[in-house]
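S.K.: First the structure, which I've put down as structure tokens, then a few questions once you've had a look.
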Amino acid sequence: MSEITPTEPQRLAAEARDRVRFEEEALELSDQVYRVARRLVGSREEAEDLMQEAYARAFRSWRSYTPGTNLRAWLLRILTNLNIDRGRRKQRAPEMQPLEEGDYFLYNKLEEASREPVSDQDAVVERLSQTDVVTALSAVPHDFRDVVVLVDLGDFTYQDAAQILDIPVGTVMSRLHRGRRILKTALADQTAGGSE
């Protein structure tokens, strides 16, 4: 049986303190992480699952975080990577949608189209609910959506988004431009689709 050196308990205590400090700092950012997760996925439940998965992974690999660096960016990099993985799994699996859900969707769209809005601006606001925006955002391919969510909704700088996604700043700018264009087209189609 080997003897424990006097420095071993000190090392273990220091590591325990570091882990507690890391967890406290990470949990302080949970609202921001959730907001980004909510914009990346289609529903509140999916956002909660994605956030929980991100925190579980962060807590498992807390030693790989370098203290003094941007913890928020580190957490959001984990979150976006998990979301990309989830998107790839979804693309490989066939989408199963019950017939009844499609029927309700059509009914809701017909009901919306039958209303008479007061002005053009009211028509746009009325037709673009948060669900419509999330749906339009989900139509944007992952690579572009992640950049749009981080920069436009998460208020990250181009440099922060580049660090989170591990891509060059120029790629962030290019993807942001294309992602915004795709999103605008999807929103315009939804608005125009409601007025027919």
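Just so it is clear, none of the values below were taken in a lab; they were calculated from the coordinates. Note that the structure is predicted; figures quoted are calculated from it, not measured. Quick reminder, even Gly has a Cβ in these numbers, built from the backbone with ideal geometry, and neighbours come from all protein chains shown.
S.K.: Filter the GluC sites (Glu not before Pro) in region 44-97 down to the DSSP loop ones having no more than 13 other Cβ atoms within 10 Å, then list what survives.
M.R.: 95
S.K.: How much net charge surrounds residue 177 when only other residues with a Cβ under 13 Å from its Cβ are counted (Lys, Arg +1; Asp, Glu -1)? Show your work: numbers first, answer last.
M.R.: Values: positive: 175, 178, 180, 181, 184; negative: 143, 152.
That works out to +3.
S.K.: How high is the FRET efficiency from residue 32 to residue 7, r the C-beta distance, R0 45 Å, rounded to 0.05? Show your work: numbers first, answer last.
M.R.: Details: r = 38 Å, r/R0 = 0.84.
Using R0 = 45 Å, I get an efficiency of 0.75.
S.K.: Given the Cα-Cα distance of residue 167 and residue 153 and 0.36 nm per residue of separation, how much length would full extension add, in nm?
M.R.: Details: separation 14, 0.36 × 14 = 5.04 nm, distance 1.88 nm.
Stretched out fully, the residue 167 to residue 153 stretch lengthens by 3.2 nm.
S.K.: Can you find, among 68, 16, 34, the residue farthest towards the positive end of the dipole of region 4-84? Put +1 on the C-beta of Lys and Arg, -1 on that of Asp and Glu.
M.R.: Of the candidates, 68 comes out farthest on the positive side.
S.K.: To continue, here is another question. Counting Lys and Arg as +1 and Asp and Glu as -1, what is the net charge of the other residues whose Cβ lies under 12 Å from the Cβ of residue 12? If you can, show how the numbers build up before the last one.
M.R.: Values: positive: 11, 17, 19; negative: 8, 15, 18.
Around residue 12, the surrounding residues sum to 0.
S.K.: Report the net charge of residues surrounding residue 154, where surrounding means a beta-carbon distance below 15 angstrom and charges are Lys +1, Arg +1, Asp -1, Glu -1. Before the final figure, lay out each step's value.
M.R.: On the way: positive: 35, 38, 39, 72, 77, 145, 175, 180; negative: 31, 146, 152, 155, 160.
Its environment carries a net charge of +3.
S.K.: Between rounded, prolate and oblate, where does region 1-85 land on the alpha carbon gyration tensor, with a ≥ b ≥ c its root eigenvalues, rounded for a/c under 1.5, else prolate if a/b exceeds b/c? Write down the numbers at each step before the final one.
M.R.: Values: a/c = 3.18, a/b = 2.64, b/c = 1.20.
Because a/c hits 1.5 or more and a/b exceeds b/c, region 1-85 counts as prolate.
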